[in-house]
Amino acid sequence: MSRSAIVQAIASYGPVSRASVAKLTGLSKQTVSEIVGNLESDGWVRTVGETEGHVGRRAVVYEISTGDATVSSVDLGASKVRVAFCDLMGRVLAERVEPTDRSGGMNVIEQVGRLVQATERDAREPCGDLQIAVVGVPGVYDPKTGAVLMAPNIVGIDQFDLAAAVHKRLGIEVFVENDVNLAALGEHWLGNRREHDNFVYISVGTGIGAG
């Protein structure tokens, strides 16, 4: 959670110093320094100069390194699978959509893996290595078992650990969350509700959901 909070702070307020990130997140300066150092080593953030500190010292400032790492965003729906290949600021570099495999189960995992790899090849400009896949699902994700519950329109995805299956197929870190919750987070980050910490996002599609 600390790593995620720091990435979000740098994405939202960068270029920003480690001291400012500590204030924004409520984390200790030591924790922020350690995590920012790891993020820089992993290619997630980069230094972009220095700024005057409040006591006259110059502080190194950081921003998200959009060219060194990429993320695959997967919207796994009852009727279609949409995959977007994005940089770390959410800019879409390539996208594919096709009907969801009606046979469900592991066939859907294979479909997701194929589409992720296809969009990576489709990227319209040079970009960094694919680091993470985030999968939005039309149901309740059980973090203990990894199964997706209350998603009757996709056969069999309540029978196995979805994140583990996608990880095995792609070999990268995978996060799974309810699709409408992810849409709400996206709206808060890049949409019309960036200044509001509390709001409700309502989605009307094959089903109706709120996040």
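The values are calculated or read from the model by the stated rules, or taken from the named source; none is laboratory data. Please read these numbers as outputs of a predicted model, since none were measured by experiment. Quick reminder, even Gly has a Cβ in these numbers, built from the backbone with ideal geometry, and neighbours come from all protein chains shown.
Looking across region 41-62 at every residue that is surrounded by 13 or more Cβ atoms within 10 Å (Cβ to Cβ) and either among the basic types (Lys, Arg) or at pLDDT 85 or above (or both), the one that is farthest from SER12 (Cα to Cα) is identified as VAL60.
Of all residues in region 156-189, those being farther than 20 Å from LYS144 by Cβ and assigned to a loop (DSSP other than H, G, I, E, B) number 2. If you go through region 129-145 and keep only what is assigned to a loop (DSSP other than H, G, I, E, B) and crowded, with 16+ Cβ neighbours inside 10 Å, you end up with PRO138, GLY139.
Do we find that SER20 is modelled with pLDDT under 85 and part of a helix (DSSP H, G or I) in this structure?
Numbers: modelled with pLDDT under 85: no; part of a helix (DSSP H, G or I): yes.
It is false that SER20 is modelled with pLDDT under 85 and part of a helix (DSSP H, G or I).
Residues in region 162-185 that are within 16 Å of GLN111 (Cα to Cα) and without any contact (Cβ under 8 Å) to a residue 40 or more places away in the chain: ALA163, ALA164, HIS167, LYS168, GLY171.
This table checks each residue for (1) aliphatic (A, V, I, L, M); (2) modelled with pLDDT under 90; (3) out of contact with any strand residue (DSSP E or B) (no Cβ under 7 Å at 6 or more places or on another chain); (4) more than 30 Å from GLU63 (Cβ to Cβ).
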position: ASP87; (1), (2), (3), (4): no, yes, no, no
position: ARG96; (1), (2), (3), (4): no, no, no, no
position: THR100; (1), (2), (3), (4): no, no, no, yes
position: VAL135; (1), (2), (3), (4): yes, no, no, no
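When region 147-166 is filtered for residues that are crowded, with 17+ Cβ neighbours inside 10 Å and of a type outside the set (D, E, K, R), the ones remaining, listed by number, are ALA147, VAL148, ALA151, ILE154, ILE157, LEU162, ALA163, ALA165, VAL166.
So, in region 108-122, of the ones that are over 21 Å from ASP161 (Cβ atoms) and charged (D, E, K, R), which residue ends up nearest to the chain's Cα centre (by Cα)? In this case the residue turns out to be GLU120. In region 63-85, the residue that is surrounded by the most Cβ atoms within 10 Å (Cβ to Cβ) out of those that are farther than 24 Å from LEU149 by Cβ and at pLDDT 90 or above is PHE85.
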